[in-house]
Amino acid sequence: MHVGYMTYLLRLYGISSLKEKRAVIKPVLNDLRRKFNASVVETGKHDSKQESEITVCMVANERGELDSLFQSVWQRIIWNGLEVSGEDGEIW
C-alpha cells in the first residue's frame, strides 16, 4: 500500500477578484475529487488573484500506479484550462 500527495502551483490569468478565483478553482477541485476519488484541497496562495496552490492525496497498491495517477491529475488540470507552474510531492 502506497500513499502519496502532490502539490500543484497554478497560474491564473484574467482574474480580477478573489470571488472570481474561487469560481474558477472550485469546479476544478470537484472535478478532480470525482474523477480520481482523491482528497483535494486548496492549500495555499489564498489571497493571491494570480496563483493558487492545490494538494491532491491518493492511496494505491503500487507506486507506479500513483505516479501514473498524479500524471493524469496534472493532465486533467491542464484540460480544465489552468496552467501548472510548479509541482512538488512525495510517495511513501
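No value in this document is a laboratory result; all are computed from the given coordinates. In this text the structure is predicted, and so the values were computed from the model without any measurement. A quick note on method: Cβ atoms are made from the backbone with ideal geometry, for glycine too, and the neighbour counts reach across all protein chains shown.
Quick notes on this one:
- Using R0 = 22 Å, the C-beta based FRET efficiency linking ARG63 and VAL84 works out to 0.55.
- Helix axis angle, 63-79 relative to the chain longest principal axis, alpha carbon, degrees: 20
- Nearest-ten-degree value, helix 18-36 long axis tilted from longest Cα axis of the chain: 20
- Counting lysine pairs in the chain whose alpha carbons fall under 17 angstrom apart, excluding pairs fewer than 8 residues apart on the same chain, gives 7.
- Across all directions, the average projected area of the convex hull around the alpha carbons of the chain is 5.2 nm².
- Volume of the convex hull of region 29-70 (Cα atoms only), normalised per residue: 77 Å³.
- Summed residue charge, Cβ within 15 Å of VAL3's Cβ, Lys/Arg positive, Asp/Glu negative: -3
- Spin-label pair TRP92/ARG76, simplified geometry with 7 Å Cα→Cβ offset, distance in nm: 2.3
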